[in-house]
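Data first, discussion second: the structure below is written as structure tokens.
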Amino acid sequence: MSYDSNNIFAKILRGEIPSHKVYEDDNTLAFMDVMPQADGHTLVIPKAPSRNLLDADPAALGALMASVQKVAHAVRKAFDAEGILIQQFNEPAAGQTVFHLHFHVLPRSTGVPLRAHSGKMADHALLADHAARVRAALEA
């Protein structure tokens, strides 16, 4: 399958759809998931178009993973998490629903279950607050 330049993440990268950004560099963008499975659920994407890990330019993956790690540290700190879950899906059979390479960064604490990825968007004021917490942790 080929890359669809009209996917929602491509539109976010072009500024056509707003997002709650937490981090950006020359190669990557991180922003809050609008249907969070946990408070602080953040997505990290490459700016270069790729459908998923299977067609990504290997040279771009190093910068992407460095950003995933950086954001994971900040999310863990911002939400006082005991651990971090990193998820990445490739193709529909594996659960991928947005066909632009992305990593989910989810703060985890013992005994706190993940919420369903229900299709219902979270309150934007809450997402803005969560984004501000992650940005503050990145700056600390």
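The values are calculated or read from the model by the stated rules, or taken from the named source; none is laboratory data. Values in this document were obtained by computation on a predicted structure and should not be read as measured data. All Cβ positions, even for glycine, are placed from backbone atoms using ideal geometry, and neighbour counts span all protein chains on display. Note: accessible area is taken over every heavy atom of the protein model, side chains too, but ligands, DNA and RNA are not part of it. Shrake-Rupley method; radii C 1.70, N 1.55, O 1.52, S 1.80 Å.
Structure summary
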| quantity | calculated |
| --- | --- |
| Any hit, the stretch 99-106, residues being of a type in the set (A, V, I, L, M), open to solvent by less than 20 Å² (accessible area, probe 1.4 Å) and assigned to a loop (DSSP other than H, G, I, E, B) | yes |
| For LEU127: the one exception among (1) modelled with pLDDT of 95 or more; (2) open to solvent by 20 Å² or more (accessible area, probe 1.4 Å) | (2) |
| Any chance SER5 is at pLDDT 95 or above and surrounded by 16 or more Cβ atoms within 10 Å (Cβ to Cβ) | no |
| Residue check for LYS120: of a type outside the set (Asp, Glu), in a loop (DSSP other than H, G, I, E, B) and in contact (Cβ under 8 Å) with a residue 60 or more places away in the chain | yes |
| Subset of the stretch 9-34 [surrounded by 15 or more Cβ atoms within 10 Å (Cβ to Cβ), β-branched (Val, Ile, Thr) and not in a strand (DSSP E or B)] | ILE12, VAL34 |
